[in-house]
Amino acid sequence: MELAVSAEDTQILLKDKNVLQESVLDKYRVAGQISQTALKYVVNLINNIYHFKTEERPLSISELCLLTDSFILTRLEQYYKNKVNERGIAIPTNIDIDQVVTGWCPELDDVENITNSNKEQLTKEDAPFNSTVTGFLKAGDVVKITLGVHIDGYTSEISHTMVIYPVDSSNVAELKPAGPLLGGKADAIAATHIAMETVTALLACALTPEKLPASLGNNVTGSTIRNVVDTIARSYNCGVVPGSRVRRIRRFLAGQNEGIIAEREYKGVIWTESHEEAKLLANTEVKDISVITSATPRVVSAVPTDNFTVSKGEVYLVDLKMSPLDGSTKKGLITLETVDSFTGKSHKVDQLVARSGSYIRDYAQTHHLKLKTSRYLLGKIDKQGVYPFKLSHLAQNFPINMENGKLDEELTTIKKELRQFRLGMSEISNNYLCVETPIQVAKWVPWEHILKSNNPNGNLTFDATAALTLPGHEVPLPKLGISSMKLKQLTKSSKETIELPVVRECNTVILCDSDVSNNGKPELLRLTGGNKTCAPSWIHSKYELNVQEPLVQGIFDLVSLTKDKRFGISIRETQPMKEISTGNKITTGTDAMEL
Amino acid sequence: MMYTCNTCCLEFETSELQRTHMKCDWHRYNLKRRVAQLPPVSEATFNGKMQQMKESTEDDSAKDKVLTKKEQRRKEKEALLEKKRQLLEIARQNMLKAMQEQQKKAESEGIMTVEEPLPIPLIQPKDITQTGEENEEAELTPDQLAEKLMAEKIANKVDIPTNVCLFCNHNQKEKHLSTFKDMEENIDHMFKCHGFYIPEQKYLVDKEGLIKYMSEKIGLGNVCIVCNYQGRNLEAVRNHMLSKRHCKIPYESTNDKLEISEFYDFTSTYQDYKKPETVIVSAADVAVAGEDDGEWEDVTDEEEGEGEEDEIPEEYLYSDGMALHLPTGIKVGHRSLQRYFNQVVKPERELTEGQGTLVAADTRSFVSTFDKKTVQVQQRAWQSEVKDKKRDDKRSAKFINQQAHYRDQLLQ
């Protein structure tokens, strides 16, 4: 069936509904509040289990994910009831540990499969995906919690990294971490935190470009953002992981569909392998590289470029992922490997075998399904909305009733219902009506291994299982003409390839002009993140920013501007709600474990 | 051993006799009757029929030899139909007249009395040899013909009293078998033995009238009450009704209902219509209903009996060419559009705002241009990749040491 939306409707949906008004801002604010609260909730749960050890029954990752989703929905119940058509979870809660970059939200019934097909990870305590497979965290893990809420398509997403510390039990009255986190992970956490704060301040400067420090240019453009982030990453001996992005989001277009739809008027900075490649090639002495140019896509506005200026009244998603590069002194390329469930159960130490827990519907595809179960399921999926979903979100007993204390029973009923959904889902995804959101793992490949490899076919090899790519960025290394399949093969063939731990921070910010802001002055509204909710963990990094560099000087100027109440730039944070759940109040003060 | 003929219900001594019987016309005739699910006739009856046929065919062939068989048949049929129609009309008028008289009588007497059966005894209709009259018929005008037929019919009239079964075909001696004490018992008998069911008894006001009407139809008109089969005499029509199981009052089409509607009173079912006065169904109305009945069909599923309401407030009934709007609010579509009414169309997919936004923002186009050259290059690339992999595998397999233990070649 041909789907088309008329020009007037397109104007309304893409332009008019995205104009910042009081009502729109309010929806954003509530969505932000709920996501902040949900993050507090899940952080609190993790703290209770691993730091305070107050929970008698430790919850596994899959249960934590589901409980947080359930919490979001119960919270959302009170807001905009019968006022908006669509509201709900924008991203199913992901809990990614260390090397897993994104997408780890296993279903309840998948836990067994994962342990069965990753025996090597289970038995070895120091295997890279040990905690991921067991479902329980251990001290030293870097845990990335990602979640999102949308109300009427106005989306707020948040991602925060926390560290599991060994607990110093000398003082029982006030538990404290045994010490700060050191090493590569600490560098990455520091770099990501600083980069996040800087980019937020930079975006705030777009409201008053005259206040922008001179070393950062006249106005905030895509290349300014890239330069700032790259500089900070370099200073901390880190690399920006492909898939990081600072992008404008619109109603219902919050980046959840990247790679599935080729979004019109994409505005944002993205980091991919091709950007790394360009940087590596610029410094290389090798001259005889055959540069292969790829065909340009049809709609130019769908191709992300740095050639844009941040303007007022826009909403931005700042999603930064960084990895430490202390593993090797050599040059290398950070790449993402998509985890799948069918590449053999070889029980390798460096390989994770799992299937994705969340799916996203591709509305451009139509197919008449044969099974009654799948038709029923598709009906549910279509009703659920345009955001990624987990099958357990469609269950009858979801959201879980946490009042009666029968958590295990509720989980078992959901698990039972999942069996039926799996049957329908296989037909749906076989016909491309839904796409799995990929689980990705960060890997580092030595650059010389890529350069030395022969590539007779160029970028013509086609990878059917390639992760979702943005238009214009289908070929990961366009200059060398290396396709994603070739890159995958290169990653596997090198003995020096290592898995990288990844730190992720993701915030949603609104650039409010003076007509909508609270105090009449233009200000940046930080929907998610901020020091109250996402306090950085206690770390010590041996690196620091080089003040001599002009760009770094600009960064310091920016930070001082945010501190200046009178003449600086104003940033307002959305605070989480006070009460997490009935009878269980959380202190809003700083968490000992968190810092 | 007996030789039999199942068709004619006969037994023979020898097979010769049986064979000769099988070849005769009587047997053939009975075979045809059997196919038509009619009982066999005796030889005497058959011979009589043959005699009649011969006479009539002689006359016919003498009269119009020029006409083809087909035309003849058509003419015969038309004549028969015409006759039937006239008879029915006459029967109707008679009935109405009788009813009016009855009403008058009742009014004059002041009380309604159950009418006694007429003192005319049951008589077997006389056998009239029509051979002589056939020639005259052709010369008469239609009016005269009608009169003549009427006279003939009245002469042949057999009045069946209300306490005598309408269908039982007993001769004079066994007559008492089909005669009952009163009408109710008779109706009971007819219901039990012949399945004569009177529809909508709740609204039936003139039961006797209905029975009388039926008896007149059979006795005077010699017409089957179901299929309007025109019998030659009472016996014939009774035989027809019994053998065809046509012993019921048809109550399916509007026409059937209208025919006996004067014995019914449905005013109690009209909630919004409070006028117990007589519903006059004009001949024109009946005709209209009759014509339309076959052509219009209900679009919405409504329970039966809705048709009766058609006549109530006439002013709201109109047709807009495509549909007939009934005063009850039901729209009746034309049969020619039936296939469209029967279609179950898939509802158009309605996009929610979110889906609409995604579709509006999407710039993917699924029609990819098929470039032969690139496809060829791509295929070649795949092939060589596979080939290279196989070769590499083979080479690496060559140098794998598969010996579990060291074996000295010199010691073998």
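Does the stretch A:409-425 include one or more residues that are part of a loop (DSSP other than H, G, I, E, B) and either more than 14 Å from chain B (Cβ to nearest Cβ) or modelled with pLDDT of 85 or more (or both)? First the steps, then the outcome.
Narrowing the stretch A:409-425 to residues part of a loop (DSSP other than H, G, I, E, B): none.
No; the residues of the stretch A:409-425 include none that is part of a loop (DSSP other than H, G, I, E, B) and either more than 14 Å from chain B (Cβ to nearest Cβ) or modelled with pLDDT of 85 or more (or both).
State whether one or more residues within the stretch A:315-323 are among the β-branched types (V, I, T) and more than 14 Å from chain B (Cβ to nearest Cβ). It would help to see each step written out before you state the result.
Step one: of the stretch A:315-323, the residues among the β-branched types (V, I, T) are A:315, A:318.
With more than 14 Å from chain B (Cβ to nearest Cβ) added as a condition, the list becomes A:315, A:318.
Yes: the stretch A:315-323 contains one or more residues that are among the β-branched types (V, I, T) and more than 14 Å from chain B (Cβ to nearest Cβ).
Could you check, for the stretch A:64-78, whether at least one of its residues is closer than 29 Å to A:D168 by Cβ and free of Cβ contacts under 8 Å to residues at least 60 places away in the same chain?
Yes, there is a match, as at least one residue in the stretch A:64-78 is closer than 29 Å to A:D168 by Cβ and free of Cβ contacts under 8 Å to residues at least 60 places away in the same chain.
Which of the following residues is within 14 Å of chain A (Cβ to nearest Cβ) and modelled with pLDDT of 85 or more: B:V367, B:V359?
Working: B:V367 fails: modelled with pLDDT of 85 or more.
Exactly one of B:V367, B:V359 is within 14 Å of chain A (Cβ to nearest Cβ) and modelled with pLDDT of 85 or more, namely B:V359.
Would you mind stating whether A:G520 is touching a Leu at 6+ places or on another chain (Cβ under 9 Å) and at positive phi? Walk me through how you get there before you give the answer.
On the way: touching a Leu at 6+ places or on another chain (Cβ under 9 Å): no; at positive phi: yes.
Here the answer is no, as A:G520 does not meet what is asked.
For A:K492, work out the one condition from (1) open to solvent by 30 Å² or more (accessible area, probe 1.4 Å); (2) closer than 19 Å to B:A381 by Cβ; (3) within 14 Å of chain B (Cβ to nearest Cβ) it doesn't fulfil.
Failing condition for A:K492: (2).
Just the residues that are under 18 Å from A:K138 (Cβ atoms) and open to solvent by 60 Å² or more (accessible area, probe 1.4 Å), please, taken from the stretch A:169-215. It would help to see each step written out before you state the result.
Of all residues in the stretch A:169-215, those under 18 Å from A:K138 (Cβ atoms) come to A:169, A:175, A:177-186, A:189.
Answer for the stretch A:169-215, where residues must be under 18 Å from A:K138 (Cβ atoms) and open to solvent by 60 Å² or more (accessible area, probe 1.4 Å): A:S169, A:A178, A:L182.
Hey, A:G379 hits all of (1) within 14 Å of another protein chain (Cβ to nearest Cβ); (2) of a type in the set (G, A, S); (3) open to solvent by 60 Å² or more (accessible area, probe 1.4 Å) but one; which does it fall short on?
The number of the failed condition is (3).
Can you tell me which residues in the stretch A:124-142 are open to solvent by 20 Å² or more (accessible area, probe 1.4 Å) and of a type in the set (S, T, Y)?
Answer for the stretch A:124-142, where residues must be open to solvent by 20 Å² or more (accessible area, probe 1.4 Å) and of a type in the set (S, T, Y): just A:T134.
When you scan the stretch A:434-450, do you find a residue that is of a type in the set (F, W, Y) and assigned to a loop (DSSP other than H, G, I, E, B), even just one?
Within the stretch A:434-450, none of the residues are of a type in the set (F, W, Y) and assigned to a loop (DSSP other than H, G, I, E, B).
Does the stretch A:523-541 contain any residue that is over 25 Å from the mean Cα position of the chain (by Cα) and outside any strand (DSSP E or B)?
The answer is no, given that none of the residues of the stretch A:523-541 is over 25 Å from the mean Cα position of the chain (by Cα) and outside any strand (DSSP E or B).
Only residues that are among the basic types (K, R) and more than 20 Å from the chain's Cα centre (by Cα): list them for the stretch A:110-144, please.
Quick first cut of the stretch A:110-144, residues among the basic types (K, R) only: A:119, A:124, A:138, A:144.
Passing the criteria: A:K119, A:K124, A:K138.
Find the residue count for the stretch A:382-408, including only residues that are closer than 27 Å to A:G259 by Cα and either away from chain B (no Cβ under 13 Å) or buried (at least 22 other Cβ atoms within 10 Å of the Cβ) (or both). Walk me through it before giving the result.
Going residue by residue through the stretch A:382-408, those that are closer than 27 Å to A:G259 by Cα are A:382-394.
In the following step, the residues that additionally are either away from chain B (no Cβ under 13 Å) or buried (at least 22 other Cβ atoms within 10 Å of the Cβ) (or both) were identified as A:385-394.
Number of matching residues: 10.
Contact list please: Cβ distance under 6 Å, first residue in the stretch A:436-455 and over 17 Å from A:K330 (Cα atoms), second residue assigned to a loop (DSSP other than H, G, I, E, B) and hydroxyl-bearing (S, T, Y), pairs at least six apart or on different chains.
A:E436/A:S356; A:T437/A:S356; A:I439/A:S356
Can you work out which of the residues in the stretch B:30-52 that are of a type in the set (V, I, T) and in a helix (DSSP H, G or I) is most open to solvent (accessible area, probe 1.4 Å)? Let's see the steps before the verdict.
Applying the first criterion (of a type in the set (V, I, T)) to the stretch B:30-52 yields B:35, B:41, B:45.
Applying the additional criterion that residues be in a helix (DSSP H, G or I) yields B:35, B:45.
Numbers: B:V35: 124, B:T45: 67 Å².
Across the stretch B:30-52, the extreme among qualifying residues is B:V35.
Pick from the stretch A:13-26 the residues that are surrounded by 17 or more Cβ atoms within 10 Å (Cβ to Cβ) and closer than 30 Å to A:L433 by Cα: which of them is farthest from the other protein chains (Cβ to nearest Cβ)?
So in the stretch A:13-26, the residues surrounded by 17 or more Cβ atoms within 10 Å (Cβ to Cβ) come out as A:13-14, A:17-18, A:20, A:24-25.
Within this subset, residues satisfying the condition of being closer than 30 Å to A:L433 by Cα are A:13-14, A:17-18.
Values: A:L13: 5, A:L14: 6, A:K17: 8, A:N18: 10 Å.
That would be A:N18.
Which condition number in (1) within 14 Å of chain B (Cβ to nearest Cβ); (2) crowded, with 22+ Cβ neighbours inside 10 Å; (3) not acidic (D, E) is the one that A:K83 fails?
Here A:K83 meets the rest and fails (2).
What about A:N82, is it in a loop (DSSP other than H, G, I, E, B) and over 29 Å from A:P177 (Cβ atoms)? Steps first, answer last, please.
Values: in a loop (DSSP other than H, G, I, E, B): yes; over 29 Å from A:P177 (Cβ atoms): yes.
So A:N82 fits the description; yes.
Taking only pairs six or more apart or across chains, which ones have beta-carbon atoms under 8 Å, a first residue in the stretch B:213-229 that is free of Cβ contacts under 8 Å to residues at least 60 places away in the same chain, and a second residue that is of a type in the set (S, T, Y) and open to solvent by 10 Å² or more (accessible area, probe 1.4 Å)?
Pairs found: B:S215/B:T162.
For the stretch A:47-80, what are the residues that are open to solvent by less than 10 Å² (accessible area, probe 1.4 Å) and β-branched (V, I, T)?
A:I61, A:T68, A:I72
Scan the stretch A:306-315 for residues that are in a strand (DSSP E or B) and either at positive phi or surrounded by 24 or more Cβ atoms within 10 Å (Cβ to Cβ) (or both) and report the count. I'd like the intermediate steps shown before the answer.
Our first condition is that a residue be in a strand (DSSP E or B); within the stretch A:306-315, this holds for A:309, A:315.
Going one step further and asking which of them are either at positive phi or surrounded by 24 or more Cβ atoms within 10 Å (Cβ to Cβ) (or both), we end up with A:315.
Adding up the residues that qualify gives 1.
Condition check: crowded, with 18+ Cβ neighbours inside 10 Å and either in a helix (DSSP H, G or I) or touching a Leu at 6+ places or on another chain (Cβ under 7 Å) (or both). Does B:K212 satisfy that? Walk me through it before giving the result.
Values: crowded, with 18+ Cβ neighbours inside 10 Å: yes; either in a helix (DSSP H, G or I) or touching a Leu at 6+ places or on another chain (Cβ under 7 Å) (or both): yes.
When the stated conditions are applied, B:K212 passes them.
Of (1) of a type in the set (S, T, N, Q); (2) at pLDDT 90 or above; (3) not in a helix (DSSP H, G or I), A:T373 satisfies all except one. Which?
For A:T373, the failing item is (3).
Among the numbered criteria (1) touching a Phe, Trp or Tyr at 6+ places or on another chain (Cβ under 6 Å); (2) under 17 Å from A:R504 (Cα atoms); (3) in a helix (DSSP H, G or I), which one does A:N94 miss?
Of (1) touching a Phe, Trp or Tyr at 6+ places or on another chain (Cβ under 6 Å); (2) under 17 Å from A:R504 (Cα atoms); (3) in a helix (DSSP H, G or I), only one is false for A:N94: (3).
Please list, ordered by residue number, the helices (runs of 4 or more DSSP H) wholly in the stretch B:226-334 having 1 or more residues that are touching a strand residue (DSSP E or B) at 6+ places or on another chain (Cβ under 8 Å) and modelled with pLDDT under 80. Break it down into steps so the answer makes sense when it comes.
Numbers: elements: B:234-244, B:254-259, B:283-295.
So the answer is B:283-295.
Residues A:G222, A:G239: which one is closer than 25 Å to A:L325 by Cβ, modelled with pLDDT of 90 or more, touching a strand residue (DSSP E or B) at 6+ places or on another chain (Cβ under 9 Å) and surrounded by 21 or more Cβ atoms within 10 Å (Cβ to Cβ)? So that I can check it myself, show each step before the final result.
Numbers: A:G222 fails: surrounded by 21 or more Cβ atoms within 10 Å (Cβ to Cβ).
Just one listed residue meets the conditions, A:G239.
Kindly evaluate B:T374 against the criterion of being modelled with pLDDT under 85, surrounded by 15 or more Cβ atoms within 10 Å (Cβ to Cβ) and within 14 Å of chain A (Cβ to nearest Cβ).
On the way: modelled with pLDDT under 85: yes; surrounded by 15 or more Cβ atoms within 10 Å (Cβ to Cβ): no; within 14 Å of chain A (Cβ to nearest Cβ): yes.
When the stated conditions are applied, B:T374 does not pass them.
The values are calculated or read from the model by the stated rules, or taken from the named source; none is laboratory data. All of these numbers come straight from a predicted model, not from anything done at the bench. Virtual Cβ from ideal backbone geometry, glycine too; neighbours counted across all protein chains shown. These accessible areas exclude ligands, DNA and RNA; they are computed on the full protein's heavy atoms, side chains included. Shrake-Rupley method; radii C 1.70, N 1.55, O 1.52, S 1.80 Å.
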